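Asks: Right, I'll just put the structure down here and ask away after.
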Amino acid sequence: MVEEQISINGKKTSKKDVLIIKYEGPSFKNRMELHSFIRQINSIEKLLKESIIQLNKTQKIKDKPQEPKYYLKLQEGSFETVLIISFFHPILVSTLSNLVIGYFKYLATGILSKNYEKEINNLSKNKVIRKATREIINPCVLDSDNATIINGNLNQTNITFMIEKEQRKEIKENLIKIEKEIPTKNYEQEMFGKILKIDAVRTEEHLSQSKFGFVTEENEKPIEATFEEDISEEELKKILFERIKVNAIVSYKDGERINIIIKSHDLAPLKTLDSYT
């Protein structure tokens, strides 16, 4: 499908294949919060790019699109984001639209398109795409808000999928279900970092009752940490907030460290230049 757009300076752009995300409802009375709009644009672009990668992997398309251009269309009571996507062969935008619509339909209804089964499964397993999916539907906050994905010209009959309140609920619940089913993988690793308290205790005598986090040198976010064997309060005081080297069993889920079990530890202070003289 093709559609002509008007640029900011009033000139007609060349005809392009388009994918339209149309937001309607009380929250979109000719407006959208700027931070929501920016997140939405970035998320749509991530979804489109990953969809193209998946379609190339399965050889359903062989062409790379130019960078998408974004046009806004304001109508009474609606806010539309129109993505202009150029291909070497215009018909290929239909393949991309079918995959995107099939992906949202799968999350909302559980119906998996036989034509795009592999691509949809790979999209749903991608952490970045799951986050992008939430950002695309999050601008709809009121019960009567909705988002419609449209393949092509609004003035013609096209493949569409409307995401209303019930579909939003199903999408969010199914994303959580997918994430819960992601297996945890354990690896034994050596790491450098610091042990921090992630909850407070009133006195040092109760230090062993604290919960701990381990902060690696490449990441400021604490990882939940426990010790394989009991550790004395005296030993805890020695290593708390100090740079240490640990040998640990590290659990990963969805590509992220979620906790570690420390098997052994040693103080590992950074050496200064003076220590070599």
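The values are calculated or read from the model by the stated rules, or taken from the named source; none is laboratory data. Remember, predicted model here, so these are calculated numbers, not experimental data. All Cβ positions, even for glycine, are placed from backbone atoms using ideal geometry, and neighbour counts span all protein chains on display.
A quick yes/no check of all residues on (1) at pLDDT 85 or above; (2) in the same structural domain as Glu164 (by TED's automatic domain parsing); (3) over 18 Å from Pro139 (Cα atoms):
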{"position": "Thr13", "(1), (2), (3)": "no, yes, yes"}
{"position": "Val18", "(1), (2), (3)": "no, yes, yes"}
{"position": "Lys29", "(1), (2), (3)": "no, yes, no"}
{"position": "Leu34", "(1), (2), (3)": "no, yes, no"}
{"position": "Ile41", "(1), (2), (3)": "no, yes, no"}
{"position": "Lys46", "(1), (2), (3)": "yes, yes, no"}
{"position": "Gln59", "(1), (2), (3)": "yes, yes, yes"}
{"position": "Gln75", "(1), (2), (3)": "no, yes, no"}
{"position": "Phe79", "(1), (2), (3)": "no, yes, no"}
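Asks: Can you report the number of residues in the stretch 107-138 which are of a type outside the set (Val, Ile, Thr), buried (at least 20 other Cβ atoms within 10 Å of the Cβ) and either within 17 Å of Leu55 (Cα to Cα) or touching a strand residue (DSSP E or B) at 6+ places or on another chain (Cβ under 6 Å) (or both)?
Replies: 3
Residues are listed down the side, and each one gets a yes or a no for (1) among the charged types (D, E, K, R); (2) under 30 Å from Leu123 (Cα atoms):
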| site | (1), (2) |
| --- | --- |
| Glu224 | yes, yes |
| Leu236 | no, no |
| Glu242 | yes, no |
| Ala248 | no, no |
| Asp254 | yes, yes |
| Leu270 | no, no |
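Asks: Select from the stretch 221-237 the residues that are in a loop (DSSP other than H, G, I, E, B) and more than 30 Å from Leu175 (Cβ to Cβ) and list them in ascending order.
Replies: Initially, the stretch 221-237 is screened for residues in a loop (DSSP other than H, G, I, E, B), giving 221-222, 228-232.
Correct list: Glu228, Glu229, Asp230, Ile231, Ser232.
Asks: Return a yes/no flag: does the stretch 238-259 have any residue that is modelled with pLDDT under 90, surrounded by 13 or more Cβ atoms within 10 Å (Cβ to Cβ) and assigned to a loop (DSSP other than H, G, I, E, B).
Replies: No.
Asks: Still on this structure, I have one more. What single numbered condition from (1) closer than 27 Å to Ile178 by Cα; (2) surrounded by fewer than 15 Cβ atoms within 10 Å (Cβ to Cβ) fails to hold for Thr226?
Replies: Of everything listed in (1) closer than 27 Å to Ile178 by Cα; (2) surrounded by fewer than 15 Cβ atoms within 10 Å (Cβ to Cβ), Thr226 misses just condition (1).
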